[in-house]
1. Just checking, does region 161-168 include any residue being outside any strand (DSSP E or B), open to solvent by 90 Å² or more (accessible area, probe 1.4 Å) and farther than 24 Å from TRP212 by Cα?
2. Of (1) at pLDDT 95 or above; (2) within 29 Å of ARG402 (Cα to Cα); (3) not polar (S, T, N, Q), PHE78 satisfies all except one. Which?
3. Need the failing condition index for GLY86 against (1) farther than 21 Å from ASP306 by Cβ; (2) under 14 Å from the mean Cα position of the chain (by Cα); (3) open to solvent by 10 Å² or more (accessible area, probe 1.4 Å), just the number.
4. Identify the single condition in (1) within 27 Å of PHE400 (Cα to Cα); (2) more than 21 Å from the chain's Cα centre (by Cα); (3) surrounded by 19 or more Cβ atoms within 10 Å (Cβ to Cβ) that TYR286 does not satisfy, given that it satisfies every other one.
5. Going by the structure shown, is VAL107 without any contact (Cβ under 8 Å) to a residue 40 or more places away in the chain and of a type in the set (A, V, I, L, M)?
6. For region 1-17, name all the residues that are open to solvent by less than 10 Å² (accessible area, probe 1.4 Å) and in a loop (DSSP other than H, G, I, E, B).
7. Would you mind stating whether ALA388 is out of contact with any Ser or Thr (no Cβ under 6 Å at 6 or more places or on another chain), at pLDDT 95 or above and loosely packed, with under 14 Cβ neighbours inside 10 Å?
8. Look through region 133-150, keep the residues that are in contact with a Pro (Cβ under 9 Å, 6 or more places away or on another chain) and in a strand (DSSP E or B), and return whichever of them is farthest from the ligand (Cβ to nearest atom).
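The values are calculated or read from the model by the stated rules, or taken from the named source; none is laboratory data. Since the model is a prediction, treat every value here as computed from it, not as a measurement. A quick note on method: Cβ atoms are made from the backbone with ideal geometry, for glycine too, and the neighbour counts reach across all protein chains shown. Keep in mind that these areas ignore ligands, DNA and RNA; they rest on the heavy atoms of the full protein, side chains included. Shrake-Rupley method; radii C 1.70, N 1.55, O 1.52, S 1.80 Å.
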Amino acid sequence: MPDGIFFTTPIFYVNAEPHLGHTYTTVIADTLVRYWHQRGRDAMFLTGTDEHGDKIAAAAANAGTTPAAFADRVSALFRSTWDRTGLRYGWFVRTTDAYHRTFVQRVLSTIHARGDIYFGSYTGLYCFGCERFYQERELVGGACPDHKVAPTEIAEENYFFRMGRYQERLLALLEREPDRIVPDGYRREVLALLREPIGDLCISRPKTRLEWGIELPFDDRYVTYVWFDALLSYASGLDAAGRFDLWPATHHLIAKDILKPHAVFWPTMLLAAGLPLYRRLCVHGYWQMNADKMSKSLGNVVRPLDMQARYGMDAFRYYLLREMAFGQDAEFSEAALVTRLNAELANGLGNLASRVLAMQQRYVAGEVQPRAPEPVDEALHAAFARAANEVDDHIPAFAFHRALEAIWRALDHANKYVTATAPFSLAKDPARRPRVGAILHELCEALRTTAQLVAPFLPETADRLVAMLALPPDVLGRLDLPWGEAFAAGHRTRPGEALFPRIDTPPS
Ligand SMILES: [Zn+2]
């Protein structure tokens with residue numbers, strides 16, 4: 001088996017329906033898995049839903065239902081959204097699954113038996129929205145920075161995880177292995193956290209306050225703190241999938257708002273449980289609309305199924321991957337999506353494909369007619385070879401936008417090649433017909449290579465291009481297929497169709 005690689009999206013909290021932030025992380029995971037599959041790697045990604053905690057209990061009560069029924073409904077919505085948008089997760093974990101509960105209780109028992117969980121009393125400032133205690137210095141004007149409400153002082157007896165005991169080890173590891181958290185700005189943020197005392201982590205909630213959670217295996221008066229439960233789902237899900245062998249190759253994909261739980265709580269939990277650390281934490285920024293962090297409470301939700309219905313999933317994927325530089329914030333705008341769709345997808349790619357395939361029909365009856373290449377043809381080939389190399393440089397660095405730019409530079413070259421070689425003019429001279437066939441053959445190779453290059457990013461488009469070229473679907477995985485050898489003698493392409501219809505009325 002070739003080297004495995006395992007990605008996770010966050011386990012999404014079922015207090016909100018799938019929106020842009022969830023979709024972006026899941027699109028990245030799907031793209032990475034498709035990319036590594038195409039290169040023969042054993043790759044999969046896990047996603048799922050985080051279903052316990054105060055907020056879910058409260059939302060269920062508001063909706064006049066039980067937390068279990070509420071979680072079932074929203075979890076099913078996440079799963080069906082990913083199914084309908086073609087995001088091919090390898091495992092979907094729910095924190096209410098029985099195997100997950102067993103896994104969490106086993107890990108708690110292990111850590112407890114090792115003496116890293118103790119009982120104590122605690123008085124602190126608690127934000128019910130965040131479901132966590134705040135330190136005074138973390139508040140902004142006395143209020144939770146996310147929820148803008150003053151936290152409530154709560155005193156209660158609870159169980160605590162000796163997180164501080166693992167602080168030095170984690171700090172040393174992150175100093176020694178800079179690629180454990182990328183981009184580096186987030187690693188520096190975590191190093192700064194770890195240079196202050198991190199203290200211990202309260203990992204229980206009394207049932208008198210909250211019943212909706214996983215019971216502690218050593219005290220049935222308490223349930224597990226939702227983060228301690230949710231983080232373990234990455235491992236429990238992979239274990240349930242029968243793929244725990246992939247664990248050391250885990251790449252967690254997250255947005256920056258959940259950096260601390262993933263970079264501080266989670267690795268110390270793994271160290272205490274005697275489990276291997278994950279390989280890497282990959283942190284992206286926020287999508288903003290009018291410079292506000294997207295959230296349901298702000299009322300500017302972008303729903304993936306709406307975007308798919310309006311523009312097609314590939315156009316939506318393209319926009320997300322092309323617009324955001326991984327790690328930085330980006331502005332979401334439907335008008336910008338339409339601009340890219342029209343200019344880069346409909347014109348840059350779609351128009352090239354339909355033009356080439358129409359000329360194939362008109363001038364050579366669809367038959368591919370290879371001949372020895374001229375220098376201008378070699379330059380076209382070189383442009384695509386360069387794009388392929390650049391994609392392979394950028395994807396391991398999560399620079400999806402750079403990878404797409406590289407492919408579109410090659411497409412730009414191909415469009416200029418059509419203008420420069422002018423097969424539509426040469427075709428008027430019967431003596432130049434063989435050269436027309438040769439030019440179109442070069443362009444068919446360009447389209448075949450494009451299908452391979454875009455396959456991880458735009459999977460439907462890749463399939464459609466290959467179908468129009470009348471090549472077998474498995475050609476997408478044959479990255480070593482030499483230029484000039486994709487089409488056998490007598491091969492006939494099919495008439496083209498519009499890959500990306502232009503959108504004429506951009507939304508206001
Ligand atoms: Zn809060």
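1. Scanning region 161-168, I find at least one residue that is outside any strand (DSSP E or B), open to solvent by 90 Å² or more (accessible area, probe 1.4 Å) and farther than 24 Å from TRP212 by Cα, so the answer is yes.
2. Unmet for PHE78, out of (1) at pLDDT 95 or above; (2) within 29 Å of ARG402 (Cα to Cα); (3) not polar (S, T, N, Q): (2).
3. In the conditions (1) farther than 21 Å from ASP306 by Cβ; (2) under 14 Å from the mean Cα position of the chain (by Cα); (3) open to solvent by 10 Å² or more (accessible area, probe 1.4 Å), GLY86 misses (1) alone.
4. (2)
5. Taking the combined requirement at face value, the residue does not satisfy it.
6. Result: VAL14, single match.
7. Values: out of contact with any Ser or Thr (no Cβ under 6 Å at 6 or more places or on another chain): yes; at pLDDT 95 or above: yes; loosely packed, with under 14 Cβ neighbours inside 10 Å: no.
The answer is no for ALA388.
8. Looking at the filtered set, the residue picked out is PHE133.
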